[in-house]
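Trainee: The structure follows.
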Amino acid sequence: MATYRKSRAHAPAGFFECEGRGLQWLGEAQSQGGPRVVDVFDWGKDYLDIERVDASSPTPKAAYDFGAALARMHDAGADYFGSAPRDYTGTCYFGPLQDPVPMDTGTWDNPADYYAEGRLLPMVRMGIERRALNQNDLRMTEEIVDALPDLLGEAGHDKPARVHGDLWSGNLMWTADKGETQAVLIDPAAHGGHREEDIAMLHLFGASYLEQIVDGYQSVHPLASGFQQRYTLWQLYPIAGHCVFFGGGYVSEYRSMCRSLLQ
């Protein structure tokens, strides 16, 4: 099996171990019908060796099958909202290879506190430290935090899911290297989170055959009522992250998203 080495000099402590253990943790769900996840061979301070996968084009059937498998992976669960991947005790990370930021872990028992304390507020504060966001952005975010019980609706009762955590279209590969076209997951920020996080992330930058993915997901684990209206809520975290990493137009996008949620 061919190997692909992902590397970076002077990577933050534990960065590649966290990703490697995250891939292994997600991959455990394959025995329960979860999606294919790239195999992990080895990691060190500055590298991660994983299976090399040949890319191909997705199909509607492969997308439907992936949606069903994603639901099964989520159903494999986590101990808490904010749980790190199994056997990992260091810092977790979110973001691009050259500029990942710490992603809080914890033992939250409900999605509102987890999303507020472990995701939104820390990321917005990092945006303020980097002078991309300001105190007005923090105030708007705090208003959203106060409104989370209402904004989450029925989804506020969900149990912790085993989520990929950075499931934009670039981290969802498609391959036919084993015959039939199938999805393969790469580059996670794996953690115990809310199942709608991954669904919303797929919609953020537009994955292929989104309708089929959601239909497949719903066939295994129907999402809480109104999930489509919560995409913007879950997309706040990655967009706040893009404000931290890139600034620019993502700042106005974050503000517009906040205003839409507070109307």
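The values are calculated or read from the model by the stated rules, or taken from the named source; none is laboratory data. What you see is a predicted model; the values in this text were computed from it and never measured. Cβ placement follows ideal geometry from the backbone for every residue including glycine, while neighbour counts extend to all protein chains displayed. Protein only, heavy atoms only, side chains kept; ligands, DNA and RNA dropped before computing areas. Shrake-Rupley method; radii C 1.70, N 1.55, O 1.52, S 1.80 Å.
Trainee: Give me the orientation-averaged projected area of the Cα convex hull of the range 1-135, in nm², one decimal.
Mentor: Result: 10.4 nm².
Trainee: So, counting K/R as plus one and D/E as minus one, what does the shell of residues with Cβ under 9 Å around P188 add up to?
Mentor: Taking every Cβ under 9 Å from that of P188, the sum is -3.
Trainee: For the range 189-260, what is the convex hull (Cα atoms) projected area averaged across all directions, in square nanometres?
Mentor: Dividing the Cα hull surface by four gives the mean projection, 5.6 nm².
Trainee: I would also like to ask the following. Please list, short to long, the whole-number percent of alpha-carbon pairs of the range 119-209 in consecutive 10 angstrom bins beginning at zero.
Mentor: 14, 31, 37, 13, 5, 0
Trainee: Please list the non-local residues whose amide H lies under 5 Å from the amide H of I186, H modeled 1.01 Å from N, same-chain partners needing a gap of 5 or more.
Mentor: HN-HN under 5 Å from I186: M173.
Trainee: With every protein chain kept in place and ligands, DNA and RNA left out, what is the accessible area per residue of the chain? Probe 1.4 Å, answer in Å².
Mentor: Each residue of the chain exposes 44 Å² on average to a 1.4 Å probe.
Trainee: If you don't mind, another one. What does the charge count around G82 come to, taking other residues whose C-beta lies under 11 Å from its C-beta (Lys +1, Arg +1, Asp -1, Glu -1)?
Mentor: -4
Trainee: Ignoring solvent entirely, what values of log10 I(q)/I(0) come out of the Debye formula for the chain at 0.07, 0.14, 0.15, 0.17 Å⁻¹ when each Cα is a single scatterer?
Mentor: -0.23, -0.96, -1.11, -1.42
Trainee: Ranked from highest to lowest mean number of other Cβ atoms within 10 Å per residue, what is the order of the peptides 87-93, 128-134?
Mentor: Those peptides, ordered most packed to least, come out 87-93, 128-134.
Trainee: Express the carbon and sulfur contribution to the solvent-accessible surface of the chain as a percent, rounded to the nearest whole number, probe 1.4 angstrom.
Mentor: 45 percent
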